[in-house]
Structures are given as structure tokens and as C-alpha cells.
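Take a look at the structure set out below.
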Amino acid sequence: MSNFWNQILNFATTTANDVGQQLILDFGTVQADEKADGSLVTRSDQWADLEIRTRIATTFPEHGVLSEEAEHIFPNTDWCWIIDPLDGTTNFARGIPIWGISLGLLYQGNPVFGLIHLPPLQQTFHGFWFGSSGLTGSEGAFLNGQPIHASSDVLSSNHFFNLCSRSIAIAPQIPCKIRMLGMAAYNFLTVAVGATLGGVEATPKIWDIAGSWVIVKAAGAVWCSLSPEPFPLEIGRDYGTQSYPTLVVSQPELLSVFEPFIKT
């Protein structure tokens, strides 16, 4: 399947780069509106969503799509793209350069490929991880084409752990330096690349995690779903409001360190 995976990677890379170039023009200048769930949306989110969905329909007409800004029902297709056209909208609208485009490809409800492009940082993460899907190919996680791996460092007070805004109450208990990035996928990607030892997101949606899940797994980090297990997704289910609280750590030994704080 190497030609197929090359096609997938080339498509995702080109699409994310093209969309990112347009979003850069809007960065920090667009008006944000509040959605029903309290999150922000801009016309840039909506344009990017339509552009990505249109490209998928043209290139892979047999593939389904689930996206933050449009379709939330998981379709009855073997292959489905889950897209967050602009992860980190609040950062984007306020002029903070941590935001990106997240693409995840699922096979029979399980993520097997993910790509997350952060235009302001000129960083593109991607990964292949096939698990028990029965698919074959080269697995691995990459940043700008170079292999990445989670850290094997021993925990110290000078290492980093990421929180989200809804988990800030546990900050005094965390035995290392705290960071808050404002982009769910990037929270986890910093673990995959070895920059942080862990991170937590209290209320991520399926489009926040589908792409980063693959990259985290492929980088050798540990994905701990706090409730419920996200994958495989179920055909016909509406994923618009389901949250997937998640802890990611760089190595299994750190689960016993951080889990007690997260679950209190």
C-alpha cells in the first residue's frame, strides 16, 4: 500500500499548506463569534472547512468526512477523514501564533494517519500508526519530515507539563513547570516531539484528537483516555458534543505520577 500512503501524505500536506497560506492572511485580523458551546468560530474556520471538504470529495470521493464546522455524524464508509480546519481559533483570532490545521484519516473507525500543520511556526507533524487495523505500511511520527520520539527523560522540576484552561486547578500539584498552549492537538504533539513529559485536555472533541492520536502513538508516547475510550467510532453516531478527556505522557512510568492529580 506504499503508493496509497504516499498519495494520502501528499494530499494532506498540499491541502494543509494551501489552506494555511490563506489563513496566514487572516491571522489576528478576523472577527470571532461565540458558538453555542462557548468556543469561538471565525469566517476563516468556515472557509477552511469548506475548502478541505471540497478537496477530499474531489480526490477521494469514496471517503467520508466528519468535521468540526459541518458534519458531526460518523458515516458508513471504510475510510473517513476527521478535520479540524482551525484548531486554536482563539489564539488565531487574538494574534497568538499557536494554531493549525488538523487532519486525521480513519479506517473502519480507527485513526491510521494524522497530519497537523502549524503555519505560523512552519511546523508540520504527521504520523502513520496501524495498530490492529490489519493495514500494512511504514509506521512512524515526523516533524517536517524528520523522525520524532517521546522523551525518555526522568521527571524533574525543570521539565514541562501542559494544562488546558479547564484543568488549571491542578497546577499546584504538578511536579514540573506548567505550560498552557491554547491548542489541544499541539498540547499532545509537544509530548510526541519530546519537548514536554505530558499534557492533559479536559474537554477535547473528536476532531481535536483524531490526528494527534496517531502521531502520539507512533512517537512512542502513552495516550490515556480518562473516559470514555474514543476509538473505534460508531457508524451513525453524532460526535458533535462528545468530549474525550485525555492524559498523554511520554512514558508508561509517568502514568502513576500524573493520573492521581488528573482524576481528583
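The values are calculated or read from the model by the stated rules, or taken from the named source; none is laboratory data. Quick caveat: nothing in here was measured; it's all calculated off a predicted structure. Using ideal geometry, Cβ is built from the backbone for each residue, glycine included, and neighbour counts are taken over all protein chains shown. Ligands, DNA and RNA are excluded from the accessible area calculation, which covers all protein heavy atoms including side chains. Shrake-Rupley method; radii C 1.70, N 1.55, O 1.52, S 1.80 Å.
Every test in (1) part of a helix (DSSP H, G or I); (2) in contact (Cβ under 8 Å) with a residue 12 or more places away in the chain is passed by residue 182 save one, and that test is (1).
For first residues located in segment 95-108 and at negative phi, partners that are open to solvent by 40 Å² or more (accessible area, probe 1.4 Å) and part of a loop (DSSP other than H, G, I, E, B) and lie 6+ apart or on another chain with Cβ distances below 7 Å form the pairs 96/182; 98/182; 107/78.
Restricting attention to segment 157-178, does a residue exist that is in contact with a Pro (Cβ under 6 Å, 6 or more places away or on another chain) and either open to solvent by less than 10 Å² (accessible area, probe 1.4 Å) or not in a loop (DSSP other than H, G, I, E, B) (or both)? No, that holds for no residue.
Within segment 1-27, residues that are within 19 Å of residue 122 (Cβ to Cβ) and touching a residue at least 60 places away in the same chain (Cβ under 8 Å) reach partners that are among the basic types (Lys, Arg) and open to solvent by less than 70 Å² (accessible area, probe 1.4 Å) with beta carbons closer than 7 Å, at six or more positions or on different chains, in the pairs 15/55. Can we say residue 257 is outside any loop (DSSP other than H, G, I, E, B), in contact with a Pro (Cβ under 8 Å, 6 or more places away or on another chain) and modelled with pLDDT under 95? Judged against the criteria, residue 257 is a match. In the set 248, 257, only one residue is open to solvent by 30 Å² or more (accessible area, probe 1.4 Å) and closer than 22 Å to residue 168 by Cβ; that residue is 257.
So that you can scan it fast, the table gives a plain yes or no per residue for (1) at pLDDT 95 or above; (2) assigned to a loop (DSSP other than H, G, I, E, B); (3) open to solvent by less than 10 Å² (accessible area, probe 1.4 Å); (4) in contact with a Gly (Cβ under 6 Å, 6 or more places away or on another chain):
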| residue | (1), (2), (3), (4) |
| --- | --- |
| 54 | yes, no, no, no |
| 65 | yes, no, no, no |
| 91 | no, no, no, yes |
| 97 | yes, yes, no, no |
| 114 | yes, no, yes, yes |
| 117 | yes, no, no, yes |
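What residue, among those in segment 179-201 that are farther than 16 Å from residue 251 by Cα and surrounded by fewer than 17 Cβ atoms within 10 Å (Cβ to Cβ), is nearest to the chain's Cα centre (by Cα)? Checked segment 179-201; the qualifying residue nearest to the chain's Cα centre (by Cα) is 180.
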